[in-house]
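Take a look at the structure below.
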Amino acid sequence: MIVPVAIALTVGLLGRAYQALKPPPPKICGSPGGPPVTSPRVKLSDGRHLAYREFGVPKEEAKHKIIVVHGFGSSKDLSLPVSQELVEELSIYFLSFDRAGYGESDPYPLRSVKSEAFDIQELADKLQIGSKFYVIGISLGAYPVWGCLKYIPHRLSGASLVVPFVHYWWPCVPANLSRESLSSLPLSDQWAFRVAHYAPWLFHWWMTQKFFPSLSFLSGNNSVFSRSDLEMLQKLSEAPSVGQEKITQQGDHESRFRDILAGYAKWEFDPSDLKNPFPDNEGSVHIWRGGEDKIIPYKLNHYIAEKLPWIHYHVVPDYGHLLFFESHLYEAILKALLLGE
């Protein structure tokens, strides 16, 4: 009797472990029982849909066309503080979109740095915004911009990486610098990113278990925010962005968790190997970092900027990770990208 009982217990434990590791099925927009589709969408060549939002001057009249790539836990409805006067003065057309699995865009289990870059290209082509466009990637939304610089540099008029994500396993970065940068994070964040990189199959369980915190900024740990970030969070809480309830409506795993997994997977390229997409200065690439940013360790972006001297590296003193919500700073980002100021 002992052997059958042991086998039954083992099978039962394995079954429970499998269920804990397995992500739940997504609630796909427009499917039976799923959230409704309320935004315009394009259908990609692989059958997926991307939801998008257009604003600014009409694309037919615009001098500058910018695709905005939102960050972790955000969406196309991210409200950025640019004045209508500047939009009209510089004749800017903006296109933002829900990245795969966020908002009303279909999930994509195989999402990667490469797939995100080609999603951007196909979205631009479906909406016929022209052969060239600018990209602005915010925080974790910077890895799709790195992908654009690698896979579709011929389509770019310019690029800005704002408070950009860093990969602690980029081969170009000295191991001691990567370790130092990773160890500067809260312990919970260190382990979450290690699991995402080394054991992605375990990541869903890691992010949903209740034994210890998984990510500091998801567990209410405000110590990762600078003073200016906390002030901005207070302002934002008084006027919540439109569409916040839709961000993870298809499932946390399909949106936020897969986003981290794609960013911290092994890339097909190393940023230090990238070539200047604008050798004749017909465009520019920028990195913007807050001097008080506690979420993104500054040394890795600083190292990449030194390795790639054609990147314009900007440090904004006294501001943290949420500097892009400051109107004068966001307008400075736009002017540097579009006018070289």
(request) Could you pull out every residue, at least 5 positions away or on a different chain, whose amide H is within less than 5 Å of the one on Gly30? Hs are placed 1.01 Å off N in the peptide plane, and Pro or chain starts have none. (result) Val37
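For the chain, what is the mean residue ellipticity at 222 nm derived from helices alone (per DSSP H run of n ≥ 4: -39500 (n - 2.57); sum divided by total residues; nearest 500 deg cm²/dmol)?
On the way: 11 runs with 120 residues, N = 341.
Per the formula, -10500 deg cm²/dmol.
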(message) With every protein chain kept in place and ligands, DNA and RNA left out, what is the accessible area per residue of the range 210-341? Probe 1.4 Å, answer in Å².
(response) 50 Å²
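List the equivalent ellipsoid semi-axes of the range 112-214 in whole Å, largest first, each obtained as the square root of 5λ for an eigenvalue λ of the Cα gyration tensor.
Ellipsoid half-lengths, sorted descending, are 31, 17, 11 Å.
Over the chain, what is the relative contact order in whole percent, taking alpha-carbon pairs under 8 Å and six or more residues apart? List each step's numbers first, then the result.
On the way: 601 pairs, mean separation 69.6, N = 341.
Once divided by the residue count of the chain, the mean separation gives 20 percent.
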(message) Just to verify a number: FRET efficiency for Ser45 and Ser223, C-beta to C-beta distance, R0 = 51 Å, to 0.05?
(response) 0.70
(request) Amide H neighbours of Lys294 under 5 Å, at least 5 residues apart or on other chains, H built in the peptide plane: list them. (result) Ser226, His321
(request) Quick one: which residues, 5+ away or cross-chain, put their amide H under 5 Å from the amide H of Asn221? H built at 1.01 Å from N. (result) none
(message) I'd like the Karplus ³J(HN,Hα) series for the range 91-104: coefficients 6.51, -1.76, 1.60, θ = phi - 60°, whole numbers in Hz, and an x wherever there's a Gly or Pro.
(response) 6, 9, 10, 10, 10, 10, 8, 7, 5, 3, x, 8, x, 10
(request) Starting from the exponent 0.38 and prefactor 2.2 Å, build the expected Rg for the range 255-341 from its residue count and divide its actual Cα Rg by it. (result) 1.21
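To the nearest µm²/s, what D does Stokes-Einstein give for the chain at 25 °C and 0.890 mPa s, using the Kirkwood radius over alpha carbon pairs as Rh? Can you show the working numbers first?
Details: Rh = 21.0 Å.
It comes out at roughly 117 µm²/s.
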(request) Can you list which of the trypsin sites (Lys or Arg not before Pro) found in the range 236-341 are DSSP loop residues with at most 16 other C-beta atoms within 10 Å? (result) Lys266, Lys275
(message) Below 24 Å, Cα to Cα, which lysines can Lys266 reach? Residues fewer than 8 away in the same chain don't count.
(response) Lys22, Lys114, Lys150, Lys275, Lys299, Lys307
(message) Please list 3J(HN,Hα) in residue order for the range 226-233, calculated via the Karplus relation 6.51 cos²θ - 1.76 cosθ + 1.60 where θ = phi - 60°; whole Hz, with x for glycine and proline.
(response) 6, 4, 5, 5, 5, 5, 5, 4
(request) Go through the range 285-296 residue by residue and turn each phi into a ³J(HN,Hα) via Karplus (6.51, -1.76, 1.60, θ = phi - 60°); whole Hz please, and just put x for glycine and proline. (result) 10, 10, 10, 10, 10, x, x, 10, 5, 9, 8, 10
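The values are calculated or read from the model by the stated rules, or taken from the named source; none is laboratory data. Everything quoted here is computed from the prediction, not taken from an experiment. With ideal geometry, Cβ positions are generated from the backbone for all residues, glycine too; neighbour counts draw on all protein chains shown. Remember, those area values only see protein heavy atoms, side chains included, never the ligands or the DNA or RNA. Shrake-Rupley method; radii C 1.70, N 1.55, O 1.52, S 1.80 Å.
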